[in-house]
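Report on one structure; see the data block that follows.
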Amino acid sequence: MKNRHPKGLIVLFFTEMWERFSFYGMRAILVLYLTQETIGENPGLGWTKADALSLYAWYMGLVYGMSIPGGILADRLLGQKKTVLVGGVLIAAGQLTLAVPGIETFYAGLALIISGVGCLKPNISTMVGGLYREGDSRRDSGFVIFYIGINIGAFAAPLAVGAVGELYGWRYAFGMAGIGMLLGLAVYLWGQKHLKDVGLRTSPKAAEVDKKTPLTPVERDRVIVLLISFLIVVVFWAAYEQAGGLMNLYTKEKINRVIFDWKIPTSWFQSVPAAFVIILGGVVAAFWARRSKKGKENSSLFKMALGIMITGSGFLFMSGAAMQAETGVKAMLIFLVMAYLLHVVGELCLSPVALSFITKLAPAKYAASMMGLYFAATGLGGLAAGKVGELATRAGEFEVFTGIFVFCAVFGLLLLVFFKKLKALTHGAEEIKS
Ligand code: PHE
């Protein structure tokens with residue numbers, strides 16, 4: 001078969017699936033564990049919601065922010081292949097450390113996970129690209145398949161880890177997340193032979209030669225758009241990553257989770273976005289393909305602006321939930337599900353194009369650093385997400401949900417208003433086939 005993907009893709013697919021299983025499993029219960037009272041059958045740490053969301057903010061910021069040192073470690077010292085391995089070991093050790101009771105082990109576990117994800121996540125993503133030669137038409141679909149693997153892990157984890165955490169005990173759940181990462185490591189080690197020389201360290205000299213030459217005017221324009229697109233990424237994830245923080249706590253307290261006399265565990269709703277990604281990924285991609293066939297506007301900037309507005313509009317449903325909950329009853333489940341649905345439609349507009357757009361705008365000599373910077377921007381978004389969530393404990397949930405909607409709408413509209421100007425500044429960067 002001509003269109004078969006390299007075997008290495010299966011290896012990276014399952015490694016990342018298990019890594020995301022461990023990441024999203026732990027994340028699904030993080031704020032629930034922190035805010036659970038210290039007494040009772042399944043005691044937590046008894047933190048206030050504000051403190052829990054603040055920790056969520058710093059965790060999300062650091063876990064992706066560490067992609068920069070993780071990328072440098074791979075480039076300068078170990079190569080991606082080894083750095084991913086180190087990352088997996090650190091993550092598994094971190095999750096298993098969380099399973100040991102005590103506040104010291106809790107912080108130590110988080111630190112290990114943060115370092116581990118920083119080593120693993122950006123480098124495994126770069127390795128997916130490395131499976132294909134330049135100009136290989138299978139590359140894009142390779143990334144789509146990889147994104148599905150991510151979301152299979154993200155879908156299964158809250159169901160499994162979340163249920164164990166909420167119903168049996170948090171410690172077992174952290175342990176389970178650790179075992180998930182160990183399975184990922186096993187796949188990765190088994191698959192080394194299929195990865196061949198992907199992710200081996202290459203001499204960085206070539207990239208360093210022309211660092212001193214100044215940017216040309218075209219490059220300078222592109223850098224302006226580049227910075228704006230980083231801002232888009234930050235704003236987008238600041239909205240989207242409410243899921244694991246404020247929206248998770250909100251689901252627990254204010255959403256009616258009872259169906260047929262059975263109370264659905266809070267953490268299970270963390271699976272909903274991933275399920276939507278798997279179901280709708282193809283639909284959204286087909287929609288853009290059809291539009292482009294008809295010759296309609298399809299540029300990445302346009303998709304990103306639209307993505308922000310669609311995700312932002314999901315918060316209108318959360319405002320609806322908050323209005324209902326303010327009358328003293330629990331809000332209807334459909335509000336939450338609709339919010340996640342729109343979040344994901346927005347994600348599917350923005351996320352698949354953002355990284356490649358940024359890569360195309362970056363002057364060639366900086367191309368290699370872009371993956372790390374892109375993840376760091378995601379991390380800044382996560383940090384902002386937690387901090388905005390924390391604000392809700394003072395300003396009120398309705399105000400914050402509505403505020404996010406308004407902010408995203410205005411930001412997206414501004415991008416569309418200045419769309420032509422921004423596009424001119426790219427100097428046709430998008431048309432260049434990489
Ligand atoms: N769902 C994505 C993932 O876990 C979110 C993400 C996008 C994270 C970009 C980091 C960078 O992979």
Report summary line: residue 221: passes all of (1) on the phi < 0 side of the Ramachandran plot; (2) modelled with pLDDT of 95 or more but (2)
Requested in this report: Only one of these is away from the ligand (no atom under 16 Å from the Cβ) and open to solvent by 50 Å² or more (accessible area, probe 1.4 Å): 368, 362. Name it.
Outcome: 368
Query - Exclusive hit being open to solvent by less than 30 Å² (accessible area, probe 1.4 Å) and either basic (Lys, Arg) or within 16 Å of the ligand (Cβ to nearest atom) (or both), set 419, 375 - result: 375
Query raised in the report: Among the residues of the range 401-415, which ones are free of Cβ contacts under 8 Å to residues at least 40 places away in the same chain and either small (Gly, Ala, Ser) or in contact with a Phe, Trp or Tyr (Cβ under 6 Å, 6 or more places away or on another chain) (or both)?
Result: 403
Query - The listed residue being surrounded by fewer than 24 Cβ atoms within 10 Å (Cβ to Cβ) and farther than 16 Å from residue 244 by Cβ, out of 71, 79 - result: 79
Report summary line: Among the residues of the range 15-30, the number that are open to solvent by less than 30 Å² (accessible area, probe 1.4 Å) and touching a Gly at 6+ places or on another chain (Cβ under 6 Å) is 10
Query - Looking only at the range 265-283, and only at residues there that are among the hydrophobic types (A, V, I, L, M, F, W, C) and open to solvent by less than 20 Å² (accessible area, probe 1.4 Å), the one that is farthest from the ligand (Cβ to nearest atom) - result: 269
Query raised in the report: Where in the range 322-434 are there helices (runs of 4 or more DSSP H), lying fully within it, with 1 or more residues that are out of contact with any helix residue (DSSP H, G or I) (no Cβ under 9 Å at 6 or more places or on another chain)?
Result: 397-417, 419-425
Query raised in the report: Are any residues in the range 378-416 within 16 Å of the ligand (Cβ to nearest atom) and aliphatic (A, V, I, L, M), and if so, which ones?
Result: 380, 383, 384, 385
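Per-residue answers, yes or no, for (1) open to solvent by 10 Å² or more (accessible area, probe 1.4 Å); (2) touching a helix residue (DSSP H, G or I) at 6+ places or on another chain (Cβ under 7 Å); (3) of a type outside the set (D, E, K, R):
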| position | (1), (2), (3) |
| --- | --- |
| 153 | no, yes, yes |
| 157 | no, yes, yes |
| 173 | no, yes, yes |
| 179 | yes, no, yes |
| 186 | yes, no, yes |
| 189 | yes, no, yes |
| 198 | yes, yes, yes |
Report task. Return the pairs, sorted by first residue and then second, in which the second residue is among the basic types (Lys, Arg) and within 11 Å of the ligand (Cβ to nearest atom), the first residue lies in the range 145-157 and is closer than 19 Å to residue 95 by Cβ and assigned to a helix (DSSP H, G or I), the beta carbons are less than 6 Å apart, and the residues are 6+ apart or on different chains. Result -> 150/20; 153/20; 154/20
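The values are calculated or read from the model by the stated rules, or taken from the named source; none is laboratory data. As the structure is a computational prediction, the values presented were derived from the model and not from experiment. FYI the Cβ positions are ideal-geometry reconstructions off the backbone, even for glycines, and counts take in every protein chain you see. Ligands, DNA and RNA are stripped out before the accessible areas are found, and what is left, the full protein with its side chains, is counted by its heavy atoms. Shrake-Rupley method; radii C 1.70, N 1.55, O 1.52, S 1.80 Å.
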